[in-house]
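The values are calculated or read from the model by the stated rules, or taken from the named source; none is laboratory data. Just so we're clear, the structure is a prediction, and the values are computed from it rather than from any experiment. Using ideal geometry, Cβ is built from the backbone for each residue, glycine included, and neighbour counts are taken over all protein chains shown. Protein only, heavy atoms only, side chains kept; ligands, DNA and RNA dropped before computing areas. Shrake-Rupley method; radii C 1.70, N 1.55, O 1.52, S 1.80 Å.
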Amino acid sequence: MRLGRCFRDEDELAASHSLPERIEEALARSRTLIVICTPAANESAWVQREIEGFIRLHGRERVICVLADGSSSESIPAILRSPDAGKAPDSIPQPSDNPLAADLRPQAKRKRASEMLRIIAAVADRGYDDLQQRQRKRQHRRVAAASAVSAALICIIATLGIWASNASQERLIAESKSLAAEALELYDQGEHLQAIETALRGLPSSGSDSSRPLVPEAQDALDTVLGLNPDPTRPWVPLFSFDAASTVIDMAHETEGDWVAILDDAGAITTYSALTGQALAHIAPEVFHLSDGVRPESDWFIEALSSSCLLAGNRTTSGTIACYDPTTGSALWGYARAYPLAASPIPGADRFDLLTFTDTTLAATLLECGTGASISTAMLQFEEAPRYMGAHALCSSNDGTRAYAASDGSIIAFDLTDGTATQTTVEPAPITSIQADGNAVILTAANPASEAGDANDLAFSVSAYDMSGDAPTHLWTLDDAYSATISTKTGTPEAHISYPEVRCILSGAPNAAIVTAGKELLVVDATSGQVRFSHGFPSSIVSADACFVEGERFAVSVALADGTLDIVSPTAPISANNDMSTTHLPASVDSAMMSASPDGNPLALIRMTDKPDRVFCYAFHPCYDESDIQDYSLDELLGIAREALGADAD
């Protein structure tokens, strides 16, 4: 609804005794006069004249008062407060106490809209209620339009939010799948703890966490890297990796204490828990110090004596030996200028035999593990220092009263009850290993490959001698041959020669000696020398040990130079022939130690060619049928993973 044009007197006209013609014309053309009532306007003569002029032309009914300031009595002109305004000139105006006026004063702000509507109704000759209804409809239309716009905006925002949420969810799902694949790759490389950490990053923090979608591949990856369920395709599972500051040169594992120790070529020892993989102690023995002519890989060694004793020995320079608590790293005892060659623990006796030498003597000493106290010693005088003596050149009888050492082709027998020692040459080739079996010893002998010529046909022998008399009595000899093998797993052909070695002797019902040479595994009857079982592997055997010994049944766990972990058995169906016991590691193996975990399953400590400063721990986890498989909830997996990482499961 249009109200038409409006004329405003802004007091811009010059003062005069009569109204200017423009104002007269404007008053004549106007249908309505709106008077802005204030105390100042009430005192203005010009305002009075304009009001009188409009009333004279159009009457009082078309004059609208708007109270802008002050009270009505002081602001509304008297002519407008009189009900007789607009009557005949000779009538006497009568003031009105309550003239009608729209109140637009500042203190009446709340009713300003309704007052404006009242003014408009008067100007347009419309009923106030009619305009109020129109105003409400207009407001409704505005609200409806605004609501429609808001609804459209809400729809757009919601659509964008859903799109963004879907995009975020898709990104998180892709990220979780990528982390799952990365975790499995780390697991294949033996990086067990790193694989767990990576798998956790791809999963929500709990079963009720909705900030990240639960991706089945990520949960399956965590289940796999935790190794909770046996995998028929991967019976050897990585447990931990142990890091050294430099190249690892020796390692030791104590089953009862369940700790692992590694020695690096900088002379540092670090011990770890074989249960959790956490570091227990860092030891820097004075025994190990680099000087001219020292070859750490052959001159330094460590040996697990008992659950609470770790021996460190230096075969050169000062010839020091020292014993440490593997759980705290504290020194227990030590000897200077002892020149140790090898140590042989006495099972279950908290004692060990130590083979030492000086310029003119070779001695075997029986010592207490915890104190280093000497119990008895037997010595042999010689004119020329022995050769080919090392970790495999000493063994002890079960009661510790006799010790046997090998030097070149000779057996040296030490009687620790009377302190005597005898040396007898028994083999034409150097003895490479020796093991005691009651009153007998079983040994291997071979020429070094550098002197043998053809590395594919290296002669060796396995022999047994009765040591109960004054001199060794020959029992039997087995002659065979072995060869070097080539590994190309790291991309470069590498020759690996595993010298013949008696790995262990199973006394009692099995009565068997486990022998390895090159890539051949032999199980030899300890009484007759007859080969009861043989198995040829595709690569050289780095380490081997008996496992699953029960009555006459047993198996042999092996680590191969090409990175294969395997189990074979002449007496049980646990065999690598059907690939149920074989796992292929991602790199070739330099050195290894086969042992057992507290639950009796085989354990392998591995140093791979491409990571010489790290030892990987693998455990055999066989799968026999589906009943071995157990389902774990997400929260159970998360708790086990955090516990494995040493974090609070909460």
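Worth a mention:
- Take the Cα of Thr233, step 7 Å toward its Cβ, do the same at Ala78, and the gap between the two points is 11.2 nm.
- Summing charges over all other residues whose Cβ lies under 11 Å from the Cβ of Asp265, with Lys and Arg as +1 and Asp and Glu as -1, gives -4.
- Pairwise label distance in nanometres, Ala336 with Glu170, each label 7 Å out on the Cα-Cβ vector: 7.4
- On the basis of the beta-carbon distance and an R0 of 45 Å, Lys177 and Ala266 show a calculated FRET efficiency of 0.65.
- Sequence ranges 398-407, 552-561, ranked by mean other-Cβ count within 10 angstrom, highest first: 552-561, 398-407
- Full extension of the chain between Asp69 and Asn456 gives 127.2 nm of extra length, using 0.36 nm per residue less the Cα-Cα distance.
- For the pair Trp163 and Ser528 in one chain, pulling the backbone fully straight at 0.36 nm per residue adds 123.4 nm over the alpha carbon distance.
- Normalised by the number of residues in the stretch 263-416, the average gap of Cα pairs under 8 Å and 6 or more apart makes the relative contact order 14 percent.
- Estimated FRET transfer efficiency when R0 is 60 angstrom, pair Asp399-Asp631 (beta carbons, to 0.05): 0.75
- Positive contributions from Lys and Arg (+1) and negative ones from Asp and Glu (-1), summed over other residues with Cβ under 9 Å from the Cβ of Thr583, come out at 0.
- Modelled spin-label separation between Glu256 and Arg31, with each label point placed 7 Å from Cα along the Cα-to-Cβ direction: 11.8 nm.
- Signed unit charges on C-beta, dipole axis of the stretch 144-232, positive-most listed residue Ala199, Pro230, Ala146: Ala146
- If R0 equals 45 Å, the separation of the Cβ atoms of Met116 and Ile156 corresponds to a calculated FRET efficiency of about 0.80.
- Taking Lys and Arg as +1 and Asp and Glu as -1, the other residues whose beta-carbon sits under 11 Å from that of Ala559 total -3.
- Exposure check, 1.4 Å probe, all protein chains in place: Glu550 carries approximately 140 Å² of accessible surface.
- Extended-chain gain in nm, criterion 0.36 nm per residue less alpha-carbon gap, Ala45 and Ser210: 51.4 nm
- Largest to smallest in accessible area, the residues Thr516, Thr571 fall in the order Thr571, Thr516 (1.4 Å probe, all protein chains included).
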